[in-house]
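Chemist: Right, I'll just put the structure down here and ask away after.
The values are calculated or read from the model by the stated rules, or taken from the named source; none is laboratory data. Since this is a predicted model, take the numbers as computed values, not measurements. Quick reminder, even Gly has a Cβ in these numbers, built from the backbone with ideal geometry, and neighbours come from all protein chains shown. Surface areas here come from the heavy atoms of the whole protein model, side chains and all, with no ligands, DNA or RNA. Shrake-Rupley method; radii C 1.70, N 1.55, O 1.52, S 1.80 Å.
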Amino acid sequence: MPKSHPVTPAPTTVIAPNLTPTAVSLFSGCGGFCEGIESAGTKIQVAVELDKFACETYRHNFPSTPLFEGDVHGFLADDSSHIQDYRLSQVDLVFGGPPCQGFSQIGQRKLDDERNELYKQYTRIVDTLRPRVFFMENVPNLALMNKGYFKRLILEEFASLGYSNSVMLQLSADDFGVPQTRQRVIFVGTRDEDKFPFDLYSFCETTLDGYRVDKVVTVSEAIGDLPDDIVHSGEILEYPKTSKPSQFMKDMRLDYDGPRYSKALKKKRGLGKNKAALHNHHTKEIQARRANLISLLKPGMKANSLPKEIWDGKRPEKWRRLHPNQPSHTILAQMHRDMSEWIHPHANRWITVREAARLQSFHDGFVFVGSEWQQLKQIGNAVPPLLGYALGKLSQRILSVLDGEQLASSSLKSPTVQSELLIPA
């Protein structure tokens with residue numbers, strides 16, 4: 001349930017500049033975080049990604065967004081003209097999730113651990129661009145390791161760059177309409193010179209409460225309209241019809257306007273001007289022995305529910321059938337190697353690429369390209385777009401307060417999402 005935070009009544013008149021916020025996306029992957037941020041109303045000036053296969057999918061879905069395909073070390077290098085080329089002189093938001101493998105080790109590790117070099121590149125770019133807001137996404141273990149040691153190091157690092165007003169949020173994707181129990185931490189910060197007038201943590205939580213759902217989205221509500229029959233990789237299906245779509249399906253489907261994704265927006269992505277069709281509804285092959293094993297699994301059950309003569313009792317998580325009436329467990333990049341933890345709730349097969357995309361909250365207009373192996377990896381690595389959407393709205397609210405503070409410094413007394421006077425939801 002949404003958390004409650006005390007607020008003071010909102011001001012009656014606040015004028016927000018009619019300008020579209022701008023952003024830089026780092027470690028963009030196939031574009032899940034970008035999809036959420038952009039659909040929330042922010043213009044992405046440039047996305048930065050190294051993986052060539054993820055770049056193929058990104059370009060397919062964001063053809064008008066400049067993409068820096070290459071090593072992040074080369075972005076904004078000393079002798080580069082990137083600030084001029086990509087118009088980055090006044091960036092509102094920098095966002096992304098740098099891999100930080102060094103944070104997973106027990107012990108008094110340092111931020112300059114060579115495995116955390118990508119994190120240092122993130123802070124270098126924030127220091128160079130001086131965005132008014134930044135979002136840095138990472139795994140929840142970062143907050144738990146060594147009693148919050150790495151969390152403190154990161155906050156101290158940002159403070160040394162002039163972002164001492166920084167906090168860490170712990171979020172669950174299913175709170176924001178993603179049909180998946182995916183836990184993440186998000187570091188949020190504003191520039192010291194902007195003097196954000198409220199407690200940033202309370203402001204973020206209160207604002208995000210406005211985008212939390214009252215009821216989680218289940219697997220059935222997410223993929224129940226998709227056919228049990230599948231196609232071979234690279235093939236497409238006639239778009240399926242449905243008579244009673246869930247609210248989530250209306251956001252995902254090409255033939256409905258949803259509360260967050262319109263039909264027009266969905267058709268701007270990889271689907272392009274092509275006739276509506278179901279893309280990516282294929283999955284990895286399954287051997288007869290495995291097909292027989294999963295046929296014995298009831299919805300929501302794991303390997304430890306199987307007869308002893310079928311399973312040796314080791315690693316019960318190895319086999320998991322999704323429960324139709326609950327959100328999915330976390331979608332991971334390791335799907336590309338082994339799908340046995342993501343079995344369809346009633347069909348005796350793995351979930352498809354499209355079903356995995358739905359469980360990550362990618363709408364059907366977002367088309368994945370390349371090999372099936374790469375598509376699954378990209379989906380598992382992505383930030384769920386609907387989580388990105390909520391964060392995109394949060395960034396706009398923070399910016400609107402900063403703009404309002406400049407326009408009417410005495411009128412802003414409280415962070416609130418109960419009034420729609422700052423930025424429309």
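Chemist: Enter the angle in degrees (range 0 to 90, nearest 10) between the Cα long axis of helix 372-381 and the first principal axis of the Cα atoms of the chain, meaning the one along which they spread out most.
Modeler: 40 degrees
Chemist: Something else now. Hey, how many Å between the Cα centroid of segment 285-350 and the Cα centroid of segment 152-202?
Modeler: Taking the Cα centre of each part, segment 285-350 and segment 152-202 sit 36 Å apart.
Chemist: Let me ask something else. Place a +1 charge on the Cβ of each Lys and Arg in segment 227-330 and a -1 charge on the Cβ of each Asp and Glu, then give the dipole magnitude about the Cα centre in debye, rounded to the nearest 20.
Modeler: Charge dipole of segment 227-330: 360 debye, to the nearest 20.
Chemist: Only four residue types carry charge here, +1 at the Cβ of Lys and Arg and -1 at the Cβ of Asp and Glu. Report the dipole size of segment 262-397 about the Cα centre in Debye, rounded to the nearest 20.
Modeler: That gives segment 262-397 a dipole magnitude of about 480 debye.
Chemist: Whenever you get a sec, compute what percent of the accessible area on segment 279-380 sits on carbon and sulfur atoms (1.4 Å probe).
Modeler: Solvent-exposed carbon and sulfur of segment 279-380 make up 50 percent of the total.
Chemist: Measure off, as a whole percent, the carbon and sulfur share of the 1.4 Å-probe accessible area of segment 114-253, all protein chains present.
Modeler: 48 percent
Chemist: Suppose a student asked you for the relative contact order of the chain, using Cα pairs under 8 Å spaced at least 6 residues apart; what percent would you report?
Modeler: Reported as a whole number, the value is 23 percent.
Chemist: So if each residue of separation counts as 0.36 nm, and I subtract the Cα-Cα distance between residue 298 and residue 81, what length gain in nm does that give?
Modeler: Result: 72.3 nm gained on full extension.
Chemist: Out of 175, 85, 251, any idea which swings most in a Gaussian network model of the chain, alpha carbons joined below 10 Å?
Modeler: 85
Chemist: Along the charge dipole of the chain, Cβ charges K/R +1 and D/E -1, which of 74, 129, 310 sits furthest on the positive end?
Modeler: Farthest towards the positive pole: 310.
Chemist: Put +1 on the Cβ of each Lys and Arg and -1 on the Cβ of each Asp and Glu in the chain; which of 48, 368, 322 then has its Cα farthest toward the positive end of the dipole?
Modeler: In the chain, that residue is 322.
Chemist: How high is the relative contact order of segment 199-319? Use alpha-carbon pairs under 8 Å, at least six apart in sequence, and give a whole percent. Working shown, then result.
Modeler: Values: 91 pairs, mean separation 23.7, N = 121.
Contact order relative to length: 20 percent.
Chemist: Continuing with this model, one more query. When the chain is fully extended, how far beyond the present Cα-Cα distance does residue 273 get from residue 232, taking 0.36 nm per residue of separation?
Modeler: Stretched fully, the residue 273-residue 232 segment lengthens by 12.5 nm.
Chemist: With the chain treated as a Gaussian network of Cα nodes joined by springs under 10 Å, which of 294, 310, 236 yields the largest mean-square fluctuation?
Modeler: Result for the chain, Cα springs under 10 Å: 310 fluctuates most.
Chemist: What number comes out for the charge environment of residue 27, summing +1 per Lys or Arg and -1 per Asp or Glu over other residues with Cβ under 10 Å away? Let's see the in-between values first.
Modeler: Details: positive: none; negative: 49, 51, 137.
My count for the surroundings of residue 27 gives -3.
Chemist: Just the number please: accessible area per residue for the chain, 1.4 Å probe, all protein chains included, in Å². Intermediate values should be presented prior to the final figure.
Modeler: On the way: 18900 Å² over 425 residues.
With the other protein chains kept in place, the chain gives 44 Å² per residue.
Chemist: Still on this model: Hey, what angle do you get for helix 149-160 against the long axis of the chain, alpha-carbon based, 0 to 90 degrees rounded to 10?
Modeler: 40 degrees
Chemist: Related question: Can you list the GluC sites (Glu not before Pro) in segment 265-336 that are in a DSSP coil and have 15 or fewer other beta carbons within 10 angstrom?
Modeler: Values: sites: 285, 309, 317; in loops: 285, 309.
Hits after loop and neighbour filter: 285, 309.
Chemist: Restricting to DSSP loop positions (anything but H, G, I, E, B) with no more than 13 other Cβ atoms inside 10 Å of their own Cβ, which trypsin sites (Lys or Arg not before Pro) remain in segment 201-262?
Modeler: 215, 241
Chemist: Treat each spin label as a single point 7 Å out from the Cα along the C-beta direction, and report the residue 265 to residue 242 distance in nm.
Modeler: 1.8 nm
Chemist: Another question, then. First measure r as the distance between the Cβ atoms of residue 214 and residue 315, then evaluate 1/(1 + (r/R0)^6) with R0 = 51 Å and state the FRET efficiency to the nearest 0.05.
Modeler: The pair residue 214/residue 315 has a calculated efficiency of 0.90.
Chemist: Roughly what angle does helix 52-61 make with the longest principal axis of the chain, taking Cα atoms, 0 to 90 degrees, to the nearest 10?
Modeler: On a 0 to 90 degree scale, this one is about 80.
Chemist: Dipole magnitude of the chain about its Cα centre, charges +1 at Lys/Arg Cβ and -1 at Asp/Glu Cβ only, in debye to the nearest 20?
Modeler: 1160 debye
Chemist: Moving on to the next point. So if we plug the beta-carbon distance of residue 19 and residue 127 into 1/(1 + (r/R0)^6) with R0 = 30 Å, what FRET efficiency do we get, rounded to 0.05? Display every interim value, and only then the final one.
Modeler: Numbers: r = 24 Å, r/R0 = 0.80.
Working from the Cβ atoms, E equals 0.80.
Chemist: For labels at residue 90 and residue 160 in the simple 7 Å Cα→Cβ model, what's the distance in nm?
Modeler: About 3.1 nm, to one decimal.
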